[in-house]
1. For the chain, what is the calculated [θ] at 222 nm in deg cm²/dmol (nearest 500), taking -39500 (n - 2.57) for each run of four or more DSSP H residues and dividing by its residue count?
2. Against the longest principal axis of the chain, how steep is helix 36-46, in degrees 0 to 90 to the nearest 10, with axes from Cα atoms?
3. Of 35, 46, 13, which is farthest on the positive side of the dipole of the chain, counting Cα position, with +1 on Lys and Arg Cβ, -1 on Asp and Glu Cβ, and the Cα centre as origin?
4. Note the angle between two axes, namely the Cα long axis of helix 23-33 and the longest principal axis of the Cα atoms of the chain, as a number of degrees from 0 to 90, rounded to the nearest 10.
5. Once you have all Cα-Cα distances for the chain, histogram them in 5 Å bins from zero and send the whole-percent values.
Amino acid sequence: MESGENNPYANIITVHRGRMRRKKDIVALVDVLHSKEIQDWIRTKYKGAVIPVNN
């Protein structure tokens, strides 16, 4: 398993230009993914196989 620190791999949220009219929804999704609750859930659920983004 690789360390998350200085790891060149990343997950990226992409949005089709036609969907940008729903920007509030995209911002809300990113906020939720960055929340401590979701990060804790990811750590528990995937037991280190998935490393959540750090704020």
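1. On the way: 2 runs with 22 residues, N = 55.
Calculated mean residue ellipticity at 222 nm is -12000 deg cm²/dmol.
2. Approximately 50 degrees, to the nearest ten.
3. The one lying farthest along the dipole's positive direction is 13.
4. 10 degrees
5. 4, 16, 22, 22, 16, 11, 7, 1
Rule-based calculations on the coordinates, nothing more; no lab input. Keep in mind the model is a prediction, meaning the values are calculated, not measured. Here Cβ is always computed from backbone atoms with ideal geometry, including for glycine, and neighbour counts include all displayed protein chains.
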